Amino acid sequence: MRDVLFVILPKVMLLDVAGPADAFRGAELRVPGNYRLRYVAPVSSVAAAAGLTLGALEPLPAQLTPGSLVILTGVGGGSIDPHEPMARRVISWLRSEAIAGAELLCVCTGSVLAAHAGLLAGRECTTHHEHIDELRRAEPRARVLENRIFVEDGPVVSSAGVTAGLDLALHVIGRQLGPQVAAEVARLLVVYLRRAGTDPALSPWLMYRNHLHPAVHRVQDAVTRDPAAPWSSAQLARVACTGQRNLARLFAEHARCSPLDYVQLVRFAFARQLVTGSRLDLERIAVRAGFGSAQHLRRVWSRWEAHPPSALRGRGVPAGAGHDLSVAG
């Protein structure tokens, strides 16, 4: 289990804490045993920028378990003063061996704290657009990128202000627990999944999920959990608790593809993942992904290389293409 430590200073921005905290909490509810949330500070209670007092905060720990996530949250009401006593204690802690082996997540001006601690030297990073120059002054050796939701460079991920911390958290959850879990957490929080500029423009696991219809999401969740199941239009409709025609209409309206197109997309994505990330032979990969044979997988793979996911029906794929993966062979 990973510790997720939120490092909190006076005048903390509440969304910098609440957004990522609820994301990691949502991930833990779906896949238990991965995240334990902790809230640490130089003092036991602080007043947030919005006036709310946060109490019962843990002291800065002397040592962290390897793989912990340290989240530096931003403050409201001006620049970070590295000489202010609370900030100075956090910077000193960041420079110590306490965080050795941890991954650092910087939200908003949390990047400036990391910079003053020397943790961004030689790294790409970002922060809130109003604090870009402050970050450059704090660490001239860093490559500060503007107009970015978040930037990942090794064990350090930094994000722009406030709500971008939620995007950062979803990105980390997707990397650690899989994009399906990240998509489910985003749906729980009623937010869209956004991607950084370095991510694939069309991630198969995230395509057609930027909607809020519960029946369509139920079907998509079921398919991603078990791509190899013998999905038919009737079975998918039963999952959605609606008729086949209505489900097709709902998918067209909210997901911009057909139900069987979505099955096709997920099976292909799962097969490709197994090809690149496992030692299974092609025949076993075909079975696990819901294909009838390796020959069937090769045929579909060849066609998809010519017609990538962006050209699905409704976006250019000929009628009937969505049925090729929905049968066994």
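The values are calculated or read from the model by the stated rules, or taken from the named source; none is laboratory data. Note that the coordinates shown come from a computational prediction; the quantities given were computed from them, not determined experimentally. Please note: Cβ atoms are built from the backbone with ideal geometry, for glycine as well, and neighbour counts cover all protein chains shown.
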Residue under evaluation residue 95, criteria (1) in contact with a Ser or Thr (Cβ under 7 Å, 6 or more places away or on another chain); (2) farther than 25 Å from residue 171 by Cβ, criterion not met: (1)
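Counting only residues that are part of a loop (DSSP other than H, G, I, E, B) and in contact with a helix residue (DSSP H, G or I) (Cβ under 6 Å, 6 or more places away or on another chain), which one in region 107-118 is surrounded by the fewest Cβ atoms within 10 Å (Cβ to Cβ)?
Applying the filter and picking the extreme gives 117.
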Qualifying residue in region 151-167 (condition: among the acidic types (Asp, Glu) and over 20 Å from the mean Cα position of the chain (by Cα)): no
Looking only at region 251-279, and only at residues there that are in a helix (DSSP H, G or I) and basic (Lys, Arg), the one that is surrounded by the fewest Cβ atoms within 10 Å (Cβ to Cβ): 272
Subset of region 147-180 (residues that are under 20 Å from residue 102 (Cα atoms), surrounded by fewer than 23 Cβ atoms within 10 Å (Cβ to Cβ) and polar (S, T, N, Q)): 176
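Right, residue 282: modelled with pLDDT under 90, farther than 27 Å from residue 188 by Cβ and either in the same structural domain as residue 181 (by TED's automatic domain parsing) or surrounded by 15 or more Cβ atoms within 10 Å (Cβ to Cβ) (or both) or not? First the steps, then the outcome.
Numbers: modelled with pLDDT under 90: no; farther than 27 Å from residue 188 by Cβ: yes; either in the same structural domain as residue 181 (by TED's automatic domain parsing) or surrounded by 15 or more Cβ atoms within 10 Å (Cβ to Cβ) (or both): yes.
Answer is no for this residue.
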Failed criterion for residue 217 (all others in (1) at pLDDT 70 or above; (2) in contact with a helix residue (DSSP H, G or I) (Cβ under 8 Å, 6 or more places away or on another chain); (3) over 26 Å from residue 6 (Cα atoms); (4) in a loop (DSSP other than H, G, I, E, B) hold): (4)
Candidate set from region 181-201 (those that are over 23 Å from residue 154 (Cα atoms) and surrounded by fewer than 19 Cβ atoms within 10 Å (Cβ to Cβ)); member that is modelled with the lowest pLDDT: 192
Failed criterion for residue 154 (all others in (1) touching a residue at least 24 places away in the same chain (Cβ under 8 Å); (2) at negative phi; (3) not charged (D, E, K, R) hold): (2)
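Let's see how each residue does on (1) in a helix (DSSP H, G or I); (2) farther than 30 Å from residue 190 by Cα; (3) under 26 Å from the mean Cα position of the chain (by Cα); (4) without any contact (Cβ under 8 Å) to a residue 40 or more places away in the chain:
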position: 62; (1), (2), (3), (4): no, yes, no, yes
position: 65; (1), (2), (3), (4): no, yes, yes, no
position: 70; (1), (2), (3), (4): no, no, yes, no
position: 81; (1), (2), (3), (4): no, yes, no, yes
position: 86; (1), (2), (3), (4): yes, yes, no, no
position: 90; (1), (2), (3), (4): yes, yes, no, no
position: 140; (1), (2), (3), (4): no, yes, no, yes
Odd one out for residue 121 among (1) of a type in the set (Gly, Ala, Ser); (2) under 21 Å from residue 63 (Cβ atoms); (3) surrounded by fewer than 21 Cβ atoms within 10 Å (Cβ to Cβ): (2)
Filter result (surrounded by fewer than 20 Cβ atoms within 10 Å (Cβ to Cβ) and farther than 29 Å from residue 176 by Cα) within region 57-82: 76, 77, 78, 79, 81, 82
Filter result (among the aliphatic types (A, V, I, L, M) and crowded, with 16+ Cβ neighbours inside 10 Å) within region 229-250: 236, 237, 239, 240, 247, 248, 250
Top-ranked residue of region 1-45 - restricted to ones that are without any contact (Cβ under 8 Å) to a residue 40 or more places away in the chain and assigned to a strand (DSSP E or B), ranked as farthest from the chain's Cα centre (by Cα): 40
Selection from region 31-56 of residues that are in contact with a strand residue (DSSP E or B) (Cβ under 8 Å, 6 or more places away or on another chain), surrounded by fewer than 16 Cβ atoms within 10 Å (Cβ to Cβ) and of a type in the set (Val, Ile, Thr): 53
Test for residue 51: is it without any contact (Cβ under 8 Å) to a residue 24 or more places away in the chain, assigned by TED's automatic domain parsing to the domain that holds residue 12 and more than 24 Å from residue 1 (Cα to Cα): yes
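Just to be sure before I move on: is residue 172 within 18 Å of residue 266 (Cα to Cα) and either modelled with pLDDT of 85 or more or of a type in the set (A, V, I, L, M) (or both) in the structure I sent?
Working: within 18 Å of residue 266 (Cα to Cα): no; either modelled with pLDDT of 85 or more or of a type in the set (A, V, I, L, M) (or both): yes.
When the stated conditions are applied, residue 172 does not pass them.
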Count of residues meeting criterion [in a helix (DSSP H, G or I) and over 21 Å from residue 181 (Cβ atoms)] in region 223-239: 6
